[in-house]
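Below is one structure, written out as structure tokens, with a few remarks after it.
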């Protein structure tokens, strides 16, 4: 009698991908692998400002019709659309090498506002008057006025960040 092989836990990402991939492929012609690798394909500068929407395959009237590459529809912010348009040939080449064959022949850009998934940027803490005075005392020996003012701003910013990180009443 052969014992059953042990079952190990599967990563949640693999389970979710197995559920989402067929639906995404049927509705948009995309795979989760393409979406997950989008920032590597188009680069960090464009990946936050555009995303693949769907792949539009040309209709075939019969089985003997020759293969025609598809059109990738990309949603893009208005300002990034021009950058993407200039890099269209390179992006098509990268996508086709990612997919393993010449699947994409054209790119159609659709301008849409992009929703940022990153948390909103917090305003840096402002230095208190006591922190400003302490830094001004430290840099008062600097002769150059512009350099002294820059050092005071830098020192005040550092002191405020340290105070915010350590919390009130904690040593600086």
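Since every read-out is calculated from the coordinates, none of them should be taken as a lab result. Only a predicted model underlies this, so the values are computations on that prediction, with no experimental measurement involved. Note that we place each Cβ from the backbone using ideal geometry, even for glycine, and neighbour counts take in every protein chain shown.
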- Divide, for the range 41-172, the radius of gyration over alpha carbons by 2.2 N^0.38 Å, where N is the residue count. 1.88
- Task: Taking 7 Å along the Cα-to-C-beta vector as the label spot, tell me the residue 48-residue 35 distance in nanometres, rounded to one decimal.
- Result: 2.1
- When ranked by the protection proxy of mean other Cβ atoms within 10 Å per residue, highest first, what sequence do the peptides 68-75, 125-132, 142-149 form? 68-75, 125-132, 142-149
